[in-house]
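Asks: A single structure is presented below for examination.
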Amino acid sequence: MSTATDLNRPAAPPAFQEINASRRFKNRLATILVGGTFVLALAPLVWLLITVIAKGFQHVLNADWWQKSLAGLTSRQFGGGVYHAIIGTLLQGLICAVIAVPIAILVAVYLVEYGKRSRLAKAVTFTVDILSGVPSIVAALFIYALCITTLGMPRSAFAVSLALVLLMIPVVVRTTEELLKIVPDELREAAYALGVPKWKTIVKIVIPTALSGIITGVSLAIARVMGETAPVLVLVGYTTFINYDPFGGSMASLPLLMTSERLTTNEVGEARVWGAAVTLILIITVFNLLGSLISRLTSLKTK
Amino acid sequence: MAKRIDVKDLNLFYGKFHAVDGVSLAVPPRNVTAFIGPSGCGKSTVLRSLNRMHEVIPGARAEGKVLLDGEDIYASTVDPVSVRRTIGMVFQRPNPFPTMSIRDNVVAGLKLAGEGDRKKLDEVAEQALRGANLWAEVKDRLTRPGGGLSGGQQQRLCIARAIAVQPDVLLMDEPCSALDPISTLAIEDLIQELKKDFTIVIVTHNMQQAARVSDQTAFFNLAGVGQPGRLVELDDTERIFSNPSQKATEDYISGRFG
Ligand SMILES: Nc1ncnc2c1ncn2[C@@H]1O[C@H](COP(=O)(O)OP(=O)(O)OP(=O)(O)O)[C@@H](O)[C@H]1O
Ligand SMILES: [Mg+2]
């Protein structure tokens, strides 16, 4: 009886359906759009790299380029190098990092570990937000007004570094903040439960856990500020000589060399500008690679 | 070493929310006390208040007394850090420090407290790992990261880490809930071992586990959603599971709850 009714039941429809045509079409459309915008975004970057390398790479293949300055060369003489500007860029970037990184990390630690949602923390976050929107020329003019006009300091590489500090702090605060936030609270609690004081938990557990990411963030930020142009234009004079003193005298840097030598409207100037552009890109690339190498070495391992 | 705990009229709050109401209980030394009860009744909250981990959560606060061998851990002069050094804790999810090796995880408490003698640390590490029944499995890879162990091994690593600082009391919040039955048994055996040296309080949702490992059982319950949780009764585990004095306890244990 029951078997008879079972046999009379209609065959069950297949449980799974095919992907219908409209969904397949939408999927293809989305794939094309995403791929297309990717190519669109990539095109200017590739174009820029090809142009810079095509015009400048031949000039940096020379050992002199990396070891000599332009001292004593007129604007019609080929030869010399950009050592003076490389030193300037590295020195200014380094001084900036030495000042900005500790401040920024402490600010981020305050915001994530201590301030939480307090009024002061909100005010600090707001300030950092504003600072990250400040154009580099405004930062440069602020330092000019503060240090040079008001405090009477001479124009110097150090003033440049101070302006770069203003640009670097918000970037490092933001990345460090995000990285500290993703350190699970369970690790903090595990440390507290062992009788570890809060500050030690932060220094020995929380920061080391986030360290690899923080290093990447810092190296990206350094690379970023080394290409800034407004501060060097406003706050330090250009020179073709090598200067190691950040507190006095003119000091070249790659962006400054490029804007200065751009005024030399002949093949010599062109060679210097494009060569410096390649050099700057190379230095920034090296910094990024170095950053990701260190961050890989310090990253968390499970095996 | 092992000390007794006396809780007197403890009220626990999260901001304005009154989470636990008027708990009083006593835990004798060298004894395992199990906390059971429905989800949200405040077992973890009470447990965390026993070593002042409750107040780590922003806005959380405790009223009442928790006496450790007669000394109030909530007295205004007491440093919570020193309380936590005396009363260790193992969490529901294993949480080894990801930046540290197995050995460093175990001795983290001592190392961060300033102990620098390598030989002593090595000794403590071995002792604690033996104590946590993990030594045989990890003795050849002490320098490997703790995160590379299996879940059950990680949990025993966390127990080793907790006992390495030689606390008087060990608090465990559902230490087996993320583990398979075999690792669970390993940890239950371990609790029986640890009982010789420590006072242990364990939260569990597993009735059989409470019956197997504990000497006395506390049943917590809450009257309704948004109401504070409270201690219904605390008695010898045998009595709780055979002949509880409260109807609510009997209903909960026999599965007739709610
Ligand atoms: N961090 C917190 N902030 C606010 N309220 C909380 C917090 N943690 C717990 N609570 C509340 O306190 C009450 C008790 O929670 P608790 O975690 O102690 O319950 P439990 O008995 O451990 O539950 P479970 O068995 O699910 O772990 C619940 O109502 C919960 O919502
Ligand atoms: Mg809980």
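Every number here is computed from the coordinates shown, using simple stated rules; none is lab data. Small disclaimer: the values here were computed from a predicted structure and weren't measured. Quick reminder, even Gly has a Cβ in these numbers, built from the backbone with ideal geometry, and neighbours come from all protein chains shown.
Asks: Taking every alpha carbon pair in the protein assembly as shown, what does the distance histogram look like in 10 angstrom bins from 0, in percent?
Replies: All Cα pairs considered, the percentages come to 3, 14, 18, 16, 14, 14, 11, 7, 3, 1, 0, 0.
Asks: A further question on this structure: Just round it to a whole percent: the fraction of Cα-Cα distances in region B:1-146 exceeding 28 Å.
Replies: More than 28 Å apart: 32 percent of the Cα pairs in region B:1-146.
Asks: Can you work out the FRET efficiency for the pair A:PHE57 and B:GLU123, with r the C-beta to C-beta distance and R0 = 56 Å, to the nearest 0.05?
Replies: Given R0 = 56 Å and the Cβ-Cβ separation, E is 0.40.
Asks: Show the residues, 5+ positions off or on another chain, whose built amide H is closer than 5 Å to the amide H of B:ASN95.
Replies: Here nothing satisfies the definition.
Asks: Picking from B:LEU68, B:VAL7, B:ILE163, whose Cα lies most toward the positive end of the charge dipole for chain B (charges on Cβ: Lys, Arg +1; Asp, Glu -1)?
Replies: The residue sitting most towards the positive pole is B:ILE163.
Asks: Give me the distance in nm between label points sitting 7 Å out from Cα along the Cα-to-Cβ direction at B:HIS18 and A:LEU146, one decimal.
Replies: Going by the 7 Å Cα→Cβ label model, 5.3 nm.
Asks: Turning to a different aspect of this structure: Report Rg(Cα)/(2.2 N^0.38 Å) for region B:143-219, keeping two decimals.
Replies: Details: Rg = 12.6 Å, N = 77, 2.2 N^0.38 = 11.5 Å.
This ratio for region B:143-219 stands at 1.10.
Asks: Here is a further query. On alpha-carbon atoms, Rg over Rh for region B:5-253 using Kirkwood Rh?
Replies: Ratio of gyration radius to Kirkwood radius for region B:5-253: 0.97.
Asks: Right, another one. Treating each Cα of region A:21-61 as an identical point scatterer and ignoring solvent, apply the Debye formula and state log10 I(q)/I(0) at q = 0.20 Å⁻¹.
Replies: Here the Debye-derived log intensity ratios amount to -0.66.
Asks: Within chain A, which complete DSSP H helices have Cα atoms spanning at least 18 Å along the helix axis and a mean Kyte-Doolittle hydropathy of 1.6 or higher?
Replies: Numbers: long enough: A:21-60 (57 Å, 1.01); A:83-109 (38 Å, 2.20); A:119-132 (20 Å, 0.91); A:157-181 (35 Å, 1.57); A:207-226 (28 Å, 1.57); A:267-298 (46 Å, 1.27).
Within chain A the helices that satisfy the rule are A:83-109.
Asks: HN-Hα J couplings of region B:141-148 from phi, Karplus 6.51/-1.76/1.60, θ = phi - 60°, integer Hz, Gly and Pro as x?
Replies: 9, 5, 8, 7, x, x, x, x
Asks: Once R0 is set to 51 Å, what does the formula 1/(1 + (r/R0)^6) return for the Cβ-Cβ distance between A:TYR114 and B:ASP251, expressed as a FRET efficiency to the nearest 0.05?
Replies: On the way: r = 46 Å, r/R0 = 0.91.
Once the sixth-power term is evaluated, E becomes 0.65.
Asks: In whole Å, how far is the Cα centre of region B:128-161 from that of region A:9-75?
Replies: So the two Cα centres are separated by 46 Å.
Asks: Could you work out how much longer the chain between A:ILE50 and A:SER22 gets when fully extended? Use 0.36 nm per residue separation minus the Cα distance between them, nm to one decimal.
Replies: 6.0 nm
Asks: With no solvent and one equal point scatterer per Cα, compute the Debye intensity ratio I(q)/I(0) for region A:208-260 at 0.19, 0.21, 0.22 Å⁻¹ and report its log10, rounded to two decimals.
Replies: Cα-only, vacuum Debye calculation for region A:208-260: -0.69, -0.77, -0.80.
Asks: Around B:MET89, which amide H atoms from residues at least 5 apart in sequence, or from another chain, sit under 5 Å from its own amide H, with H modelled in the peptide plane?
Replies: It is B:LEU171, by chain and number.
Asks: Ok, one more. Return the sequence-ordered ³J(HN,Hα) values of region B:222-232 in whole Hz as given by the Karplus equation 6.51 cos²θ - 1.76 cosθ + 1.60 applied to θ = phi - 60°, using x for Gly and Pro.
Replies: 9, 5, x, 4, x, 8, x, x, 8, 7, 7
Asks: Using helices alone, what [θ] at 222 nm do you get for chain B, with -39,500 (n - 2.57) per DSSP H run of 4 or more residues, divided over all residues and rounded to the nearest 500?
Replies: After summing the helix terms and dividing by the residues of chain B, the value is -9500 deg cm²/dmol.
Asks: Tell me, what ³J(HN,Hα) does each residue in region B:68-75 have, in order and in whole Hz, if you take phi through Karplus 6.51 cos²θ - 1.76 cosθ + 1.60 with θ = phi - 60° and put x for Gly and Pro?
Replies: These are the phi-based 3J(HN,Hα) values: 10, 6, x, 9, 6, 6, 9, 4 Hz.
Asks: Quick one: which residues, 5+ away or cross-chain, put their amide H under 5 Å from the amide H of B:ALA34? H built at 1.01 Å from N.
Replies: Sorted by chain and number, the residues that satisfy this are B:ILE202, B:ASP215, B:GLN216, B:THR217, B:ALA218.
Asks: Now for a different question. Could you state the number of Å between the C-alpha centres of region B:35-70 and region B:165-206?
Replies: 18 Å
Asks: In deg cm²/dmol, rounded to 500, what helix-only [θ] at 222 nm does chain A give when every DSSP H run of at least 4 residues adds -39500 (n - 2.57) and the total is split over its residues?
Replies: Values: 13 runs with 205 residues, N = 303.
Calculated mean residue ellipticity at 222 nm is -22500 deg cm²/dmol.
Asks: Right, another one. Taking neighbour Cβ counts within 10 Å as the exposure measure, how do A:LEU33, A:LEU94, A:LEU220 sort from fewest upward?
Replies: On the way: A:LEU33 10, A:LEU94 14, A:LEU220 17.
The order, fewest Cβ neighbours first, is A:LEU33, A:LEU94, A:LEU220.
Asks: On to the next question. So which of A:LYS204/B:LYS16; B:LYS43/B:LYS247; A:LYS181/B:LYS111; A:LYS181/B:LYS43 end up more than 29 Å apart, counting from Cα to Cα?
Replies: Checking Cα-Cα distances, A:LYS204/B:LYS16 exceed 29 Å.
Asks: Once you have a ≥ b ≥ c as the square roots of the Cα gyration tensor eigenvalues for chain A, tell me rounded if a/c is under 1.5, and otherwise prolate or oblate according to whether a/b is larger than b/c.
Replies: Since a/c reaches 1.5 but b/c is at least a/b, the shape of chain A is classed as oblate.
Asks: Please identify the longest segment of chain A free of exposed chymotrypsin sites (Phe, Trp or Tyr not before Pro), where exposed means a DSSP state other than H, G, I, E or B and no more than 12 other Cβ atoms within 10 Å. Provide the component values of the computation, followed by the final result.
Replies: On the way: sites that count: A:PHE16, A:PHE78, A:TYR244, A:PHE247.
After excluding every exposed loop site, the longest remaining stretch is A:79-243.
Asks: Okay, next question. Sticking with the crude label model, points 7 Å out along Cα→Cβ, report the distance from B:ASP236 to B:ARG144 in nm, one decimal please.
Replies: Those two pseudo-labels are separated by 4.6 nm.
Asks: List the lysines whose alpha-carbon lies under 21 Å from that of B:LYS196, not counting same-chain residues fewer than 8 positions away?
Replies: Within reach: B:LYS3.
Asks: What is the dipole size for region A:83-298, taken about its Cα centre, with +1 at each Lys and Arg Cβ and -1 at each Asp and Glu Cβ, in debye to the nearest 20?
Replies: On the way: 15 positive and 12 negative charges, 125 e Å.
So the dipole magnitude of region A:83-298 works out to roughly 600 debye.
Asks: Can you tell me how much longer the chain between A:PHE126 and A:ASP185 gets when fully stretched, taken as 0.36 nm per residue apart minus their C-alpha distance, in nm with one decimal?
Replies: That pair, A:PHE126 and A:ASP185, stretches by 18.8 nm at full extension.
Asks: Moving on. List the aspartates and glutamates whose Cα lies under 13 Å from the Cα of A:LYS200, skipping any in the same chain that are fewer than 8 positions away.
Replies: Those aspartates and glutamates meeting the cut-off are A:GLU113, A:GLU189.
Asks: Let me ask you something else. Dipole magnitude of the protein assembly as shown about its Cα centre, charges +1 at Lys/Arg Cβ and -1 at Asp/Glu Cβ only, in debye to the nearest 20?
Replies: 1160 debye
Asks: Using just the Cα positions, wrap region A:1-124 in a convex hull and report its mean projected area in square nanometres, one decimal place.
Replies: Working: hull surface 88.1 nm².
Computed as one quarter of the Cα hull surface, the answer is 22.0 nm².
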